[in-house]
Amino acid sequence: MTRRVAIIGHPVSHSRSPLIHGYWLRQHGIDGDYGVRDVAPEDIAPFLADFPASGLVGGNVTVPHKEAAFRACAVRDPVAAALGAVNTLWLEGDNLHGANTDVHGFLANLDAAEPEWARALGEAVVLGAGGAARAILYGLLERGVDRVVVANRTLARAQTLRDQFGPRILPVDWRDLGGRLIGCRLLVNTTSLGMKGQPPLDLDLSALSPDALVTDIVYVPLETPLLKAAKARGLATVDGLGMLLHQAVPGFARWFGVRPEVTPELRALVIADLKAKGQFA
Ligand code: ATR
């Protein structure tokens, strides 16, 4: 019987997950289907509470349902438990299990592009303090980064992250960011600045270390103004599309029993879709 999985969100029509998983299903000749379920906020709790009735064996969860999915799971993996957010669901019997693969996606994307990125890093700078920043802090601390400066427009949210993750997190006011970039070797943007339709992230990158790596989780456009500015300075950059592709791997492996690969062909497929929708640049 066809194993059915879907991306669950609201809105969700823009999601690239069906394209990604559809590619892997075809590549491996698997009798599976990856669809889309738009579930309104008032309907998500009953939908998840009776997940077997949905006809799905699992799913991905996106905005705004990751916290609801966390609450609905009978069993959560340690990353999801630490983050309070679930983006990958599967059934074991009638029990709903949940994981968070955003941390894996972030780390695997950097590993693939710059295998030595975490070596002797010292301090990293993360911009933003939302759900994506939380996953990235978890990943950076797990990799042994000494300290992570978190700069956010709303300082209180950065302070909440220090309360959760401890003294290796240094919250700073957005206006004091400049000084923290001196000699910085890893800069991560998790804010929506630079996304198509949003203001650019306008930072002076001249103080960064010449061997700094700059990465953005925004991938619409693929080359954000931040990445463009970093490239212009000769700095190494990693775009956000890889995080999306890598976070999808553990879910596919779980639902379909094959660990898929993030290939150049898959990346090209998603880039072609971005171009077709006028979202590439
Ligand atoms: P996500 O869960 O995707 O990380 P989020 O919780 O909405 O999304 O967080 C978005 C991040 O972008 C936040 O850090 C937000 O800053 P605030 O906490 O001050 O809201 C940041 N952000 C969004 N628009 C911004 C802007 N115009 N200037 C600076 N930061 C901005």
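Matching residues to (1) in a helix (DSSP H, G or I); (2) under 22 Å from the mean Cα position of the chain (by Cα); (3) at pLDDT 95 or above:
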| position | (1), (2), (3) |
| --- | --- |
| 141 | yes, yes, yes |
| 145 | no, yes, yes |
| 151 | no, yes, yes |
| 159 | yes, yes, yes |
| 164 | yes, yes, yes |
| 170 | no, yes, yes |
| 176 | yes, no, no |
| 188 | no, yes, yes |
| 191 | no, yes, yes |
Picked from the range 108-139 (must be among the aliphatic types (A, V, I, L, M) and over 14 Å from residue 190 (Cα atoms)), the residue modelled with the lowest pLDDT is 120
Considering residues that are charged (D, E, K, R) and either in a helix (DSSP H, G or I) or buried (at least 18 other Cβ atoms within 10 Å of the Cβ) (or both), the number found within the range 38-53 is 2
Expected single match for in contact (Cβ under 8 Å) with a residue 12 or more places away in the chain and among the acidic types (Asp, Glu) among 77, 43 is 77
By residue number, the members of the range 9-37 that are β-branched (Val, Ile, Thr) and either in a loop (DSSP other than H, G, I, E, B) or in contact with a His (Cβ under 6 Å, 6 or more places away or on another chain) (or both) are 12, 30
Going through the range 174-222 in order, the residues found to be more than 22 Å from residue 107 (Cβ to Cβ), surrounded by fewer than 17 Cβ atoms within 10 Å (Cβ to Cβ) and more than 15 Å from the ligand (Cβ to nearest atom) are 179, 182, 183, 204, 205, 206, 207, 210
Of the residues in the range 109-144, those that are in contact with a helix residue (DSSP H, G or I) (Cβ under 8 Å, 6 or more places away or on another chain) and closer than 27 Å to residue 71 by Cα number 13
Those residues of the range 222-237 which are of a type in the set (Val, Ile, Thr) and farther than 12 Å from residue 200 by Cβ amount to 237
Selection over the range 120-171 where residues are away from the ligand (no atom under 13 Å from the Cβ) and farther than 23 Å from residue 78 by Cα yields a count of 8
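The values are calculated or read from the model by the stated rules, or taken from the named source; none is laboratory data. Predicted, not measured: the structure shown is a model, and the values here were computed from it. Glycine gets a Cβ as well: all are built from the backbone with ideal geometry, and neighbour counts include every protein chain shown.
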